[in-house]
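Reading through the structure tokens given below for one structure.
The values are calculated or read from the model by the stated rules, or taken from the named source; none is laboratory data. Bear in mind that the values here come from a model prediction, so they are computed numbers and not experimental data. Using ideal geometry, Cβ is built from the backbone for each residue, glycine included, and neighbour counts are taken over all protein chains shown.
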Amino acid sequence: MTDASPSSADTTPTGQNKPRQDGKLRAIAIDGPVASGKGTIGRRLAQQLGFSYLDTGSLYRGLGAIALEQGLDLDDEDALTDLARTTSPEAFQRDDLRKEAVGEAASIVAAMAKVRGALADLQRRFAEQPPQGKGGVVLDGRDIGTVILPDAALKLFVTANEEARAKRRFLELQKRGDSATYARVLSDLQARDERDRSRTTAPLKPADDAILLDTSEMDAEQAFERAFDLASQTFGA
Ligand code: DC
């Protein structure tokens, strides 16, 4: 895969090249519920294609973590929005993003429209000007194909049934030495699915033009290969 050639890139009024191909953004938008395997697929696709990768959940988690650290009121949408606007993208990447309390804070801030607006700007800038001059981007999250990058060249909606996802998450936690039971993992996952799907701002749902990738009966390798085939057809890799 090569970077966008000058002939395939549109030019903005400021003269900067945007990573576009046939009018579409050279981007892969991956959405899906928790533990669907979208993160692993996204990371590997980016590596294979030489694209930049952004796990957008880490922005909500990073914001939640910083808010907790600063003792901000998690109901204060204006203060959280200011924090989202003034924090440098690097500062969202922290070691404590996977902590339970941080995940909880992330899901509270992620439901706020103004916070989402502030983080949307950051995500779009990343896609319009991929870091290190890369030729495209992969973003994964909940609303990438529907809200953040509606003109992405490829949209995937990665999913799997509840049991398959709960089993994966349970095994992952066991490996880390966590004592959570399968029943608890399943009920947490159902609660998070419900919250992500039912919120009014940017709920989790496939874009009309997204390709559905159900990984219930696939292992990680099979899921990646299917996604890579679709990316190759789109970008000619
Ligand atoms: O994917 P994750 O578990 O790291 O996401 C953390 C939280 O952020 C979760 O509550 C869903 C939310 N999120 C979101 O609302 N929109 C995104 N694009 C990514 C994550």
Legend entry - So ALA202, is it closer than 24 Å to ALA111 by Cβ, within 16 Å of the ligand (Cβ to nearest atom) and in a loop (DSSP other than H, G, I, E, B): yes
Inset, instruction - For segment 155-173, name all the residues that are in a helix (DSSP H, G or I) and either buried (at least 24 other Cβ atoms within 10 Å of the Cβ) or not aliphatic (A, V, I, L, M) (or both). - result: GLU162, GLU163, ARG165, LYS167, ARG168, ARG169, PHE170, GLU172
Legend entry - segment 92-108 residues that are farther than 19 Å from ALA118 by Cα and without any contact (Cβ under 8 Å) to a residue 40 or more places away in the chain, paired with ones that are among the small types (Gly, Ala, Ser) and within 8 Å of the ligand (Cβ to nearest atom) (beta carbon under 6 Å, 6 or more apart): LEU97/SER58
Legend entry - Single condition ALA152 does not satisfy, out of (1) buried (at least 18 other Cβ atoms within 10 Å of the Cβ); (2) within 15 Å of the ligand (Cβ to nearest atom); (3) farther than 27 Å from GLN222 by Cβ: (3)
Inset, instruction - Could you tell me whether any residue of segment 159-175 is within 16 Å of the ligand (Cβ to nearest atom), within 19 Å of GLN47 (Cβ to Cβ), modelled with pLDDT of 95 or more and touching a strand residue (DSSP E or B) at 6+ places or on another chain (Cβ under 7 Å)? - result: no
Inset, instruction - Sort out which residues of segment 174-192 are part of a helix (DSSP H, G or I) and either touching a Phe, Trp or Tyr at 6+ places or on another chain (Cβ under 9 Å) or over 30 Å from ALA27 (Cβ atoms) (or both), and write them in order of number. - result: GLN174, LYS175, TYR182, ALA183, ARG184, VAL185, LEU186, SER187, ASP188, GLN190, ALA191
Inset, instruction - Could you give me the residue pairs with C-beta distances under 8 Å whose first residue belongs to segment 180-195 and is within 15 Å of GLY103 (Cβ to Cβ), whose second residue is β-branched (Val, Ile, Thr) and not in a helix (DSSP H, G or I) wherever it lies, and which are 6+ apart or on separate chains? - result: LEU189/VAL34; ARG192/VAL34; ASP193/VAL34
Legend entry - Positions within segment 1-58 being at pLDDT below 90 and basic (Lys, Arg), in sequence order: LYS18, ARG20
Inset, instruction - Please work out if ASP208 is modelled with pLDDT of 95 or more, among the acidic types (Asp, Glu), closer than 25 Å to GLN47 by Cα and surrounded by fewer than 18 Cβ atoms within 10 Å (Cβ to Cβ). - result: no
